[in-house]
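Visitor: Please see the structure below; I have some questions.
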Amino acid sequence: MGNPQNRKVGHLKRVILACSVMEQEIRQFQNGKAEFKFFDYGLHWTPENMAKALQKEIDQVTEEAYDGIVLGYGLCSNGIVGIRARRHRVIVPRIHDCISLFLGSPESYRDQAVRHPGTYYLTPGWIEKGETPLSKFESYARSYGEETARWVLHEEMKNYTRILLINTGVSHMEPYRNVARRNAEFLNVSFEELEGQSDLFRRLVCGPWDENFLVVERGGSISQEMFLDL
Amino acid sequence: MRHPQKLENRPGKGREDIKGIHHPSGEPELGHWLNGLAQAVVMRDCKAVRELTEGLVLGGMDLFKILNQGLILGMVGASERFRRGQFYIPELLMSARALKIGINILRPLIREKKERVPGRVVLGTVKFDLHDIGKNLVNIILEGNGYEVVDLGVDVPPERFIKAAEKHEAQILAMSSLLTSTMGWMKSTIELLERAGMGRVVKTVVGGAPVTPIFAKNIGADAYCREATSVAAIAKGLLGIEENGQPSFIK
C-alpha cells in the first residue's frame, strides 16, 4: 500500500495489440486503462510478416505512460518470434495459438487436441474475420475454378474429422452455428459446440499476468523456446 | 493471379521434329528445355511438365539432372514463393502435383538404372498432428531419388515410428510437424529410438514449418530439413553417399 511506485503503475495504461479474430472477446474487458489495436487475420498467412507488423507498432509506443504492451497472440507458428521489447515490457500469453484463449486455458486446448487431433476450431471472430473451410473453398474456386478448388481443399483438409464451434459468450450464436454446421456438412465431418471460458482474456487485458503469461522485459526478445515444454 | 504458362511460350517449342515429338538435341537446347521444365513446375503446368520431362528423357539427358536441375529446382522456386507469401497453399499444392507427374516418369527409369536402393526411409507426421502437405512432398522427392519410403501417414506415435524403423530396417527416420504444440513428439521419438538401442543405426531428420535448426539440435536430431526440396541432399549426407551414388558409410 505504501509503495509509491506501485501506486504509479496502477494508474498507467497499457497497449493491447491483438488479432482481430478475438476483438469482441477482448473488448468485453475494456476498462479505460487499455488502448487497443487489432490486426488483420491475414498476418497469419506469412508468419514472417506478423513479427514485422507487430514490432513496427511496438516501436511506435514511445511515451512513458504505459506499464506494458500486451500481445493478443500465441506463438502462432513462430509468428511472434524475434519481437523485441523496446521502451516497455511486452506481455504475451504462453500459448501455442489463440484456441487456448477461447477455451480458457492451455490445458483445455490440450484436452481437446488429444481427444480429437483432427479438429478445426471456429469462433464467431474466426467466422467473421478469419477463415473457414467453406470460405477458403469459395476463394479458391474464384481463382482456380471449382474442380481444382475441391481438390486443393481436399488435400488441405482430408485429415480433419470435426468442426468445433466455441461459444465465447459474446455473440448471439445462431448465425455462427449455421455457418459452422454448413462447414461440417461440406467437409463431411462431425459438428460440436462447446462453451468457452473468458478468464484468460480477462487476465490478458486486466492482469494479473501469472504463470500463463510471459513478461519480456525491456531489451529482451521473444523466442520459440519460451513456449515449449521440453 | 497467375495463369498457367501457355505451352506455346515454353522454351523449345517450335522446333520441327518427327511425329510431333519435340525432343531436343544438343546441349544448349537441352539446357533451355531444362530451364523450361523448372518454370513449368513453378507455373503448375502439368501438361508442359509431362512433355518436357519425356522430351528430355528422349533427348538422352542424365535422369538425375532432369530431376534435380529441372523438376526439383522448379519446386524450390515454388517453395520460395510460398515462404515469401507470393504463393499460397493452392499454388504450392499444384506445383507439387506437377512435380509428381514428372517424377513418376523418371522414377521407374531411375530404379532400373540403379544397382541398389540408396536407402530406406521411415517417414511420418508426429503424434496429434494431421498436416501432411510437406511430408507428402518429402515422400515424392525421396522416391524420385530412388529411396524406398515407408510412409506411416499422420498422427504417428513414437512407438509406431520405432517399430516401423526396426521392421523395415530403415537407415533414416524422417519426422514432420506443422504445429509448435506437436513438435515435442519429435523429441519423444528420438528418445525412444535411443532407448531401443537404435540411435546409432537409424539417423533422424526433422522438418516442418515451425521447426528450427536450434530446435533440431536441442532434441538431438541428426539433421534438420528446412525445405522438403532439400531432403534428398540431406539423406545423401546422412548416409555418407558419395557422388558415385553408392553408400560409403552408414552409421
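Visitor: Report, by residue number, each residue of the stretch B:189-199 that is modelled with pLDDT of 95 or more and out of contact with any Asp or Glu (no Cβ under 8 Å at 6 or more places or on another chain).
Guide: Within the stretch B:189-199, B:Thr189, B:Ile190, B:Glu191, B:Leu193, B:Glu194, B:Arg195, B:Gly197 meet the criteria.
Visitor: Hey, among the residues in the stretch A:45-76 that are surrounded by fewer than 21 Cβ atoms within 10 Å (Cβ to Cβ) and within 11 Å of chain B (Cβ to nearest Cβ), which one's farthest from B:Met183 (Cα to Cα)?
Guide: A:Asn49
Visitor: Based on what the data block shows, is A:Ser20 of a type in the set (Ser, Thr, Tyr) and touching a Phe, Trp or Tyr at 6+ places or on another chain (Cβ under 8 Å)? Reasoning before the result, please.
Guide: Values: of a type in the set (Ser, Thr, Tyr): yes; touching a Phe, Trp or Tyr at 6+ places or on another chain (Cβ under 8 Å): yes.
So A:Ser20 passes the test.
Visitor: Residue by residue through the stretch B:214-237, note down the ones that are among the acidic types (Asp, Glu) and either without any contact (Cβ under 8 Å) to a residue 12 or more places away in the chain or touching a strand residue (DSSP E or B) at 6+ places or on another chain (Cβ under 7 Å) (or both).
Guide: Here is the first cut: in the stretch B:214-237, the ones among the acidic types (Asp, Glu) are B:222, B:227.
The answer is B:Asp222, and nothing else.
Visitor: Another question, then. When you scan the stretch B:21-105 for helices (runs of 4 or more DSSP H) that lie fully inside it, which ones turn up with 2 or more residues that are surrounded by fewer than 17 Cβ atoms within 10 Å (Cβ to Cβ) and within 14 Å of chain A (Cβ to nearest Cβ)? Steps first, answer last, please.
Guide: Values: elements: B:27-42, B:46-58, B:73-84.
Counting at least 2 such residues, we get B:73-84.
Visitor: Hey, any hits in the stretch A:85-92 for a residue that's farther than 20 Å from A:Ser198 by Cα, within 18 Å of the chain's Cα centre (by Cα) and buried (at least 19 other Cβ atoms within 10 Å of the Cβ)?
Guide: So the first thing to find is which residues in the stretch A:85-92 are farther than 20 Å from A:Ser198 by Cα, and the list is A:85-90.
From what is left, the residues that are within 18 Å of the chain's Cα centre (by Cα) are A:90.
Next cut, buried (at least 19 other Cβ atoms within 10 Å of the Cβ) only: A:90.
Scanning the stretch A:85-92 turns up at least one residue that is farther than 20 Å from A:Ser198 by Cα, within 18 Å of the chain's Cα centre (by Cα) and buried (at least 19 other Cβ atoms within 10 Å of the Cβ).
Visitor: For residues that are part of a loop (DSSP other than H, G, I, E, B) and either touching an Asp or Glu at 6+ places or on another chain (Cβ under 9 Å) or among the basic types (Lys, Arg) (or both), tally how many sit in the stretch B:200-211.
Guide: Going through the stretch B:200-211 one residue at a time, the tally reaches 4.
Visitor: I'd like to verify a number: residues in the stretch B:168-185 that are under 15 Å from B:Gly124 (Cα atoms) and either of a type outside the set (A, V, I, L, M, F, W, C) or within 14 Å of chain A (Cβ to nearest Cβ) (or both), how many? Let's see the steps before the verdict.
Guide: First, pick out the residues of the stretch B:168-185 that are under 15 Å from B:Gly124 (Cα atoms): B:168, B:170-179, B:182-185.
Then keep just the ones that are either of a type outside the set (A, V, I, L, M, F, W, C) or within 14 Å of chain A (Cβ to nearest Cβ) (or both); that gives B:168, B:171, B:176-179, B:182-185.
So the answer is 10.
Visitor: Can you name the condition, by its number, that A:Gly32 falls short on among (1) at pLDDT below 95; (2) of a type in the set (Gly, Ala, Ser); (3) under 30 Å from B:Thr182 (Cα atoms)?
Guide: Looking at each condition in turn, A:Gly32 falls short on (3).
Visitor: Here's something else I'd like to know. Please state which of the following conditions A:Glu192 fails to meet, knowing it meets all the rest: (1) in a strand (DSSP E or B); (2) at pLDDT below 95.
Guide: Here A:Glu192 clears every test but (2).
Visitor: In this structure, does A:Tyr140 turn out to be facing chain B (nearest Cβ under 9 Å), in contact with a Gly (Cβ under 9 Å, 6 or more places away or on another chain) and surrounded by 17 or more Cβ atoms within 10 Å (Cβ to Cβ)?
Guide: Values: facing chain B (nearest Cβ under 9 Å): yes; in contact with a Gly (Cβ under 9 Å, 6 or more places away or on another chain): no; surrounded by 17 or more Cβ atoms within 10 Å (Cβ to Cβ): yes.
Considered against the rule, which asks whether it is facing chain B (nearest Cβ under 9 Å), in contact with a Gly (Cβ under 9 Å, 6 or more places away or on another chain) and surrounded by 17 or more Cβ atoms within 10 Å (Cβ to Cβ), A:Tyr140 comes out as no.
Visitor: Which pairs do you get when a residue that is over 15 Å from A:Lys37 (Cβ atoms), found in the stretch A:48-67, comes within reach of a residue that is among the β-branched types (Val, Ile, Thr) and modelled with pLDDT of 95 or more, reach meaning Cβ atoms under 7 angstrom, with the pair 6+ apart or on two chains?
Guide: Here the result reads A:Ala51/A:Ile80; A:Ala51/A:Val81; A:Ala51/A:Ile83, each pair linking the stretch A:48-67 to a residue that is among the β-branched types (Val, Ile, Thr) and modelled with pLDDT of 95 or more.
Visitor: So for the stretch A:12-21 (the condition being modelled with pLDDT under 95 and not in a strand (DSSP E or B)), does at least one residue qualify?
Guide: Yes; the residues of the stretch A:12-21 include at least one that is modelled with pLDDT under 95 and not in a strand (DSSP E or B).
Visitor: Exactly one of (1) touching a strand residue (DSSP E or B) at 6+ places or on another chain (Cβ under 9 Å); (2) free of Cβ contacts under 8 Å to residues at least 60 places away in the same chain; (3) closer than 17 Å to A:Asp97 by Cβ is unmet by A:Asn167. Its number?
Guide: (3)
Visitor: Can you find even one residue in the stretch B:186-208 that is surrounded by fewer than 19 Cβ atoms within 10 Å (Cβ to Cβ), within 11 Å of another protein chain (Cβ to nearest Cβ) and not small (Gly, Ala, Ser)?
Guide: So the first thing to find is which residues in the stretch B:186-208 are surrounded by fewer than 19 Cβ atoms within 10 Å (Cβ to Cβ), and the list is B:188, B:191-192, B:194-201.
Narrowing further to those that are within 11 Å of another protein chain (Cβ to nearest Cβ): B:188, B:191.
Remaining after also requiring not small (Gly, Ala, Ser): B:191.
Yes; the residues of the stretch B:186-208 include at least one that is surrounded by fewer than 19 Cβ atoms within 10 Å (Cβ to Cβ), within 11 Å of another protein chain (Cβ to nearest Cβ) and not small (Gly, Ala, Ser).
Visitor: A further question on this structure: Report the residue count in the stretch A:109-128 for those that are surrounded by fewer than 19 Cβ atoms within 10 Å (Cβ to Cβ) and more than 13 Å from chain B (Cβ to nearest Cβ).
Guide: Residues that pass the stated criteria total 1.
Visitor: In the stretch A:77-92, what residues are within 14 Å of chain B (Cβ to nearest Cβ) and out of contact with any Leu (no Cβ under 6 Å at 6 or more places or on another chain)? Explain how you work it out, then say what you get.
Guide: Taking the stretch A:77-92 and keeping what is within 14 Å of chain B (Cβ to nearest Cβ), we get A:77-82, A:92.
Scanning the stretch A:77-92 gives A:Ser77, A:Asn78, A:Gly79, A:Ile80, A:Val81, A:Gly82.
Visitor: Would the stretch A:51-61 turn up any residue that is outside any helix (DSSP H, G or I) and either in the same structural domain as A:Glu25 (by TED's automatic domain parsing) or touching a Gly at 6+ places or on another chain (Cβ under 9 Å) (or both)? First the steps, then the outcome.
Guide: Of all residues in the stretch A:51-61, those outside any helix (DSSP H, G or I) come to A:61.
Next cut, either in the same structural domain as A:Glu25 (by TED's automatic domain parsing) or touching a Gly at 6+ places or on another chain (Cβ under 9 Å) (or both) only: A:61.
Yes, the conditions are met somewhere in the stretch A:51-61.
Visitor: Mind telling me which of the residues A:Val205, A:Val152 ends up being more than 24 Å from B:Tyr88 (Cα to Cα), part of a helix (DSSP H, G or I) and in contact with a Phe, Trp or Tyr (Cβ under 9 Å, 6 or more places away or on another chain)?
Guide: Working: A:Val152 fails: more than 24 Å from B:Tyr88 (Cα to Cα).
Of the residues listed, the single one that is more than 24 Å from B:Tyr88 (Cα to Cα), part of a helix (DSSP H, G or I) and in contact with a Phe, Trp or Tyr (Cβ under 9 Å, 6 or more places away or on another chain) is A:Val205.
The values are calculated or read from the model by the stated rules, or taken from the named source; none is laboratory data. Every value quoted in this text rests on a predicted model; they were computed, and no experiment measured them. Here the Cβ is made from the backbone with ideal geometry for all residues, glycine too, and neighbour counts use every protein chain on show.
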